[in-house]
Structures are given as C-alpha cells and as structure tokens.
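Below is one structure, written out as structure tokens; comments come after it.
The values are calculated or read from the model by the stated rules, or taken from the named source; none is laboratory data. On a predicted model such as this, the values are computed, not experimentally measured, just so you know. Here the Cβ positions follow ideal geometry from the backbone for every residue, glycine too, while neighbour counts run over all protein chains shown. Accessible surface is based on the protein model in full, side chains and every heavy atom, while ligands, DNA and RNA are left aside. Shrake-Rupley method; radii C 1.70, N 1.55, O 1.52, S 1.80 Å.
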Amino acid sequence: MTNNTEIFIGGLVKKSQEIPYNVMQQARKVLLDYFGVLAGGKKYLEERHPELIASAPSEAFLNGFAAHVLELDDGHRHGMIHLGASIVSAVLDVAKNEGLKSEDVLRGIVMGYEVAVRCARAIQPGHKERGYHVSGTCGSIGSAMGISFACKYNEEQLKSTLACAVSSAAGVLEIQEQASELKPYNLGRAALAGEIAAQVGQLGLPGPDDILGGKRGFLAALTSSPKPVFLTDFSDDDYAIMGIYQKVHAACRHCHPAIDATIDMRNDLNLKPEQIDHIEVRTYKLAVGSHDHTDIMGISSAKLSTPYAVALAVVKGSAGYADYNEANLNDYNIKFITRKVRVIEDENLTAQSPAVRGAKVTIYLKDGNVYEAPCLYPKGEPEHPLTQEELEGKFRGLAIYGGLSQGECDEVINEIGKYDFSINKIRNLLCKKQLN
C-alpha cells in the first residue's frame, strides 16, 4: 500500500539537498517583497488597530497578520494560496532565535513554499469548495516544514513535524465575509501554528504511519477531490517558488485580471465615469462567488470585490494600497460605477483555471460604443513577472509608508543582495521604525 507521507518526505529531502542558484535567488526576491508588505502592513495596523500590535500573542503571529493585511503579499495560482505572510514570518522568527545563516533561511523559505504549494494542489479546488481557507491550512504546514528544513531536521523529525502541522491545519473562508477584518488572522495563526508544530516535531515523537494518506488523514479530511500525485510525484525538477505571483494591486488575486484589463482600456480610451452605462466581467467560477458583491461594507470587503476594484480602476486608474481608503469608499463616482459592474462565470475560463486565471472585461458606453479587453496573466504572474526594478519600487513605496528613509531602503536591498546576508542587520534597520 502506498505511503504518501514516506514518499513525500523522501522527495522533499532530495529536493532540499542541492537547490539551484536561480531558485535561491528567487527566495531573495521573496524576502524583499515580504519585508515591504510587512513594513506597510504594520504601519496600517498602527494607524487602525494599534491594540493588535500591543497584544499579539507572538511576533510570528503579528508579522503573519501584518504581512497579509494590505492584500499585497505573494501567492501561487495553482494552489490558490498565499505563502510569504505565514511561511517567511515563521522561518525568520526561528532564524532570529537560532542564529541561522542566510543559506539556512533561504532553504527554509524554498522548502516551505514547496510543501505548502504541493499540499494545496493536492486538495484544491475541493478544499475551497468545502469552505476552507488554504492559506491557513496549508500555510500552517508550509510554515512548520520551512522551519524544519531551515534547521536541518532529520527524516524522523520531519515526519513528526508534518504530523503535528497537519493536525494543526485550520482556517475557514467565512472569516472574510461581510465587514470582517479578520482574514489576516488565518495567516498569522498559520505562522504561529507552524512554529509550535516544528518545536514539537524537533523532539521526534512518533506519529502515524501516513498522516497525509491515512483514512482520517490530510487528503481524506480536507477535500472532496484529492490529488495525491502532488505529494508523490517528484519527477519534475521545478520548484514551487518559481511559480509564485507577486502583487501590484492591493486586492484579492481573483480581482487582478479584471483590474489590469480595465486599466488598459482606461488608459487607451481616456474613459470617464460619466461615459459608462455598465460593465461586464467574465471570469472563472472560483473568482465569482464571494468576489462579485457590490455592497461594500468596509476596506476589507472592498479588497475582495471585483466590482469595486474595477470601479477604482476606472475612476483612479490604480488599485494600490493607498487607493483602498475611507474617502474612496464614500466617493460618489466609485460607488456609482461599482453598482454598474456585473461579474459572471465564463465556462471557457473556468475550464482553463487554475493554469490560467483570467478575465475579460466589456465596457458598455452610454453612446452605444462597446469596448472589451482580456487579461489571462495579470502583472506579477511568472508569465508576466515584476522586474527587479519594479519589485524594488514596490518595496520602497511600502517601506517608506512604513517609516523607512530612502537610504534605509537602499541598505535593506543591498543587504539582501549579499552572498551571506544578515537577517539581524535587516531586522535592526526595520526595527528602528516599528518592526519589533
């Protein structure tokens, strides 16, 4: 009988032993992106919820929460999962306490992403359809295993950590509905759960034979459509971290194809809100439910709404973190256009997802003219990646909002680029402002 856990652990250990140079460089880009969204996220919390910063149960929890709160953190479309907020927060917290080298940190990030994405792909889309939040469930597992590989656990410790992490996997999507601002809680809790699982797993306590494939294990409990091949097939040399996306818009990733397509048309046509009769967004099935609402109940609700994102794109020409504010929530034109947007499923796009997560936006003008534009790969996907210059620009914008100077931004960027960088030096630069 196939033991999914043994095969999974064996495949991961082999992948961790000689990680290619370009993959380690990708982990450096992940770090830079993470530090930007963390700095911006902590500033946002400082302004809106300082009580959370004062009373957070741990640094890993707070950083995981903060790195996701702006909806600008990275993710992977095939797994439909956010990654850095939980995994990097957990790995860096342990790195601080254990004095890990930069090579260990990068390996932990690479392998944490590998585990989280493989686990997510093994249970999606049935996992989401059941109401689970994969960034919370598989984020917990990726965080724990990222720590384990950063700390060079043996196979017995890895197996024990995996069992603890799977048992800790939690998070439901209902937490993001209506006016809730608690969606980032699942990311913060995933970072904390990963740390706890790794601490217990380090003891090497015996676990079940197959926590992944057992009759009451990971695959059986968390999905109606298991795909164990993602846990057992390591014939492909690619690493999951090479397939991530990095965001430019501060909205749920399901909204991004429509944002990009709308901005393109706005710029090409010089559109004005008063010209528009209505807008139709055709997209894949999973981007419709929970993302088609036009009754906006706050900033968090706005970040999950494709109609609101499209309205921002029409009126402001952007959908960055600075655009999601109270003034825009009450802006007449944005509210007017939001109610003019209809989001419907396109069966062809559904059939292509998650390999392609696209949208087609059609704008109907009052004068009878109709314009449309598709977007299959929004900015930041591996097929349409951010350049190093764009990534640094994103980091600078968020870090300066978070309180850093241009010179301090330069120091962080230069330090991450060093062969043997110092996490503590980067932390000290950021801690001067707020990142305790």
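Scanning the stretch 267-283 for residues that are at pLDDT 95 or above and of a type in the set (D, E, K, R) yields Asp277, Glu280, Arg282.
Only residues that are within 33 Å of the chain's Cα centre (by Cα) and either over 14 Å from Leu269 (Cα atoms) or surrounded by 16 or more Cβ atoms within 10 Å (Cβ to Cβ) (or both) were counted in the stretch 365-378, giving 6.
Test Lys340 against the stated conditions and say whether it is touching a residue at least 60 places away in the same chain (Cβ under 8 Å), crowded, with 19+ Cβ neighbours inside 10 Å and over 28 Å from Gly131 (Cα atoms). Break it down stepwise before answering.
Working: touching a residue at least 60 places away in the same chain (Cβ under 8 Å): yes; crowded, with 19+ Cβ neighbours inside 10 Å: yes; over 28 Å from Gly131 (Cα atoms): yes.
Against the criterion (touching a residue at least 60 places away in the same chain (Cβ under 8 Å), crowded, with 19+ Cβ neighbours inside 10 Å and over 28 Å from Gly131 (Cα atoms)), Lys340 qualifies.
Among the residues of the stretch 115-145, what is the count of those that are part of a helix (DSSP H, G or I), under 16 Å from the mean Cα position of the chain (by Cα) and not hydrophobic (A, V, I, L, M, F, W, C)? Residues in the stretch 115-145 being part of a helix (DSSP H, G or I), under 16 Å from the mean Cα position of the chain (by Cα) and not hydrophobic (A, V, I, L, M, F, W, C): 10 in total.
Condition test on Ala170, is it of a type in the set (A, V, I, L, M, F, W, C), outside any helix (DSSP H, G or I), open to solvent by 10 Å² or more (accessible area, probe 1.4 Å) and modelled with pLDDT under 95? Walk me through how you get there before you give the answer.
Values: of a type in the set (A, V, I, L, M, F, W, C): yes; outside any helix (DSSP H, G or I): yes; open to solvent by 10 Å² or more (accessible area, probe 1.4 Å): yes; modelled with pLDDT under 95: no.
When the stated conditions are applied, Ala170 does not pass them.
Residue check: Gln352 meets all listed conditions (1) open to solvent by less than 70 Å² (accessible area, probe 1.4 Å); (2) modelled with pLDDT under 95; (3) not aliphatic (A, V, I, L, M) but one, namely (1). When Gly112 is tested against (1) in a helix (DSSP H, G or I); (2) open to solvent by 10 Å² or more (accessible area, probe 1.4 Å); (3) closer than 16 Å to His82 by Cβ; (4) among the small types (Gly, Ala, Ser), exactly one condition is not met: (2). Scanning the stretch 232-244 for residues that are surrounded by fewer than 23 Cβ atoms within 10 Å (Cβ to Cβ) and touching a strand residue (DSSP E or B) at 6+ places or on another chain (Cβ under 8 Å) yields a single hit, Gly243.
Would you confirm whether or not the stretch 151-162 contains a residue that is touching a Pro at 6+ places or on another chain (Cβ under 8 Å) and free of Cβ contacts under 8 Å to residues at least 60 places away in the same chain? Walk me through how you get there before you give the answer.
Filtering the stretch 151-162 down to residues touching a Pro at 6+ places or on another chain (Cβ under 8 Å) leaves 160.
Imposing the further condition that a residue be free of Cβ contacts under 8 Å to residues at least 60 places away in the same chain reduces the set to 160.
Yes: one or more hits.
Taking Lys159, is it open to solvent by 10 Å² or more (accessible area, probe 1.4 Å) and under 19 Å from Gly201 (Cα atoms)? Yes.
Quick check, is Pro226 more than 28 Å from Ala27 (Cβ to Cβ) and out of contact with any Leu (no Cβ under 6 Å at 6 or more places or on another chain)? Let's see the steps before the verdict.
Numbers: more than 28 Å from Ala27 (Cβ to Cβ): yes; out of contact with any Leu (no Cβ under 6 Å at 6 or more places or on another chain): no.
Spelling it out, it is not the case that Pro226 is more than 28 Å from Ala27 (Cβ to Cβ) and out of contact with any Leu (no Cβ under 6 Å at 6 or more places or on another chain).
In the set Pro57, Pro50, which member is loosely packed, with under 15 Cβ neighbours inside 10 Å, in contact (Cβ under 8 Å) with a residue 12 or more places away in the chain and out of contact with any Gly (no Cβ under 6 Å at 6 or more places or on another chain)?
Pro57
For every residue, the table says whether it meets (1) in contact with a Cys (Cβ under 8 Å, 6 or more places away or on another chain); (2) assigned to a loop (DSSP other than H, G, I, E, B).
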site: Val200; (1), (2): yes, no
site: Ile211; (1), (2): no, yes
site: Lys215; (1), (2): no, yes
site: Leu219; (1), (2): no, no
site: Ser224; (1), (2): no, yes
site: Lys227; (1), (2): no, yes
site: Phe234; (1), (2): no, yes
site: His254; (1), (2): no, no
site: Asp260; (1), (2): yes, no
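Of the candidates Ser225, Ser180, the single residue that is touching a helix residue (DSSP H, G or I) at 6+ places or on another chain (Cβ under 8 Å), open to solvent by less than 70 Å² (accessible area, probe 1.4 Å) and more than 30 Å from Tyr44 (Cα to Cα) is Ser225.
Could you check the stretch 86-109 and list, in sequence order, the residues that are assigned to a loop (DSSP other than H, G, I, E, B) and either open to solvent by less than 20 Å² (accessible area, probe 1.4 Å) or among the charged types (D, E, K, R) (or both)? If you could, list the steps in order and put the result at the bottom.
Keep residues of the stretch 86-109 that are assigned to a loop (DSSP other than H, G, I, E, B), which gives 99-101.
Answer for the stretch 86-109, where residues must be assigned to a loop (DSSP other than H, G, I, E, B) and either open to solvent by less than 20 Å² (accessible area, probe 1.4 Å) or among the charged types (D, E, K, R) (or both): just Lys101.
Yes/no per residue for (1) free of Cβ contacts under 8 Å to residues at least 40 places away in the same chain; (2) under 30 Å from Gln275 (Cβ atoms):
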{"site": "Lys366", "(1), (2)": "no, yes"}
{"site": "Gly380", "(1), (2)": "no, yes"}
{"site": "Leu391", "(1), (2)": "no, no"}
{"site": "Phe395", "(1), (2)": "no, no"}
{"site": "Ala399", "(1), (2)": "no, no"}
{"site": "Gly403", "(1), (2)": "no, no"}
{"site": "Cys409", "(1), (2)": "yes, no"}
{"site": "Ser422", "(1), (2)": "no, no"}
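Being without any contact (Cβ under 8 Å) to a residue 40 or more places away in the chain and among the small types (Gly, Ala, Ser) holds for only one residue in Gly298, Gly289, Gly201, and it is Gly289.
For the stretch 296-332, the candidate set comprises residues that are within 15 Å of Ile263 (Cβ to Cβ) and among the polar types (S, T, N, Q); within that set, the residue that is least open to solvent (accessible area, probe 1.4 Å) is Thr306. Scanning the stretch 261-295 for residues that are more than 17 Å from Phe336 (Cβ to Cβ) and in contact with a helix residue (DSSP H, G or I) (Cβ under 8 Å, 6 or more places away or on another chain) gives Ile263, Arg282, Thr283, Tyr284, Lys285, Leu286, Ala287, Ser290, His291, Asp292.
The single condition from (1) open to solvent by less than 10 Å² (accessible area, probe 1.4 Å); (2) part of a helix (DSSP H, G or I); (3) not hydroxyl-bearing (Ser, Thr, Tyr) that Leu286 fails is (1).
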